[in-house]
Each structure stands twice: as C-alpha cells, then as structure tokens.
C-alpha cells in the first residue's frame, strides 16, 4: 500500500488530463510516479519535462541511460 494516495482521475485539471491521456496511450496504464505526482500537477509536468530533456539531449549514450534507469529503480525498490 502506498504511503501517498495515488490519483487515478484527472478531474477537470487540464494538465492532468493531458498527461494521463498521453501515458495511457503510450503504456496502456498510468505510471505510479505520475499518480503520486498528480497531487501537484505543475511539479509533475516539470519532472516529466526534465526526464524528457535528459533523454532527448543525447548526452548520455542509450546503454548508459538504461543503466541509470535500472539503478534508480533499484534504489527506489521498484521492479524495472
């Protein structure tokens, strides 16, 4: 059971609605981090933009990026 209640319904927040639609389209479900970060849509949007910028920058080779994702998942106790 998560310590922070997860938000599954975007309500009438346009940021949440857009993000939830994109994630459901891409993955078929909402990521747990999105459901927790949805408590503060502005921060959620900024965190996703930061992740996209790191991935899209090309500064990290794809193999290293995969290892970074794996390491973060292990630190957080999440399955990769």
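Since every read-out is calculated from the coordinates, none of them should be taken as a lab result. The structure displayed is predicted, hence computed values, not measured ones. Please note: Cβ atoms are built from the backbone with ideal geometry, for glycine as well, and neighbour counts cover all protein chains shown.
A compact table of results
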{"item": "From 47, 73, 26, residue being within 13 Å of the chain's Cα centre (by Cα), loosely packed, with under 10 Cβ neighbours inside 10 Å and not in a loop (DSSP other than H, G, I, E, B)", "result": "26"}
{"item": "Considering residues of the range 1-23 that are within 21 Å of residue 73 (Cβ to Cβ) and either touching a helix residue (DSSP H, G or I) at 6+ places or on another chain (Cβ under 8 Å) or in contact (Cβ under 8 Å) with a residue 60 or more places away in the chain (or both) only, the residue surrounded by the fewest Cβ atoms within 10 Å (Cβ to Cβ)", "result": "2"}
{"item": "Members of the range 34-57 that are within 16 Å of residue 8 (Cβ to Cβ) and in contact (Cβ under 8 Å) with a residue 12 or more places away in the chain", "result": "34, 35, 36, 38, 39, 41, 44"}
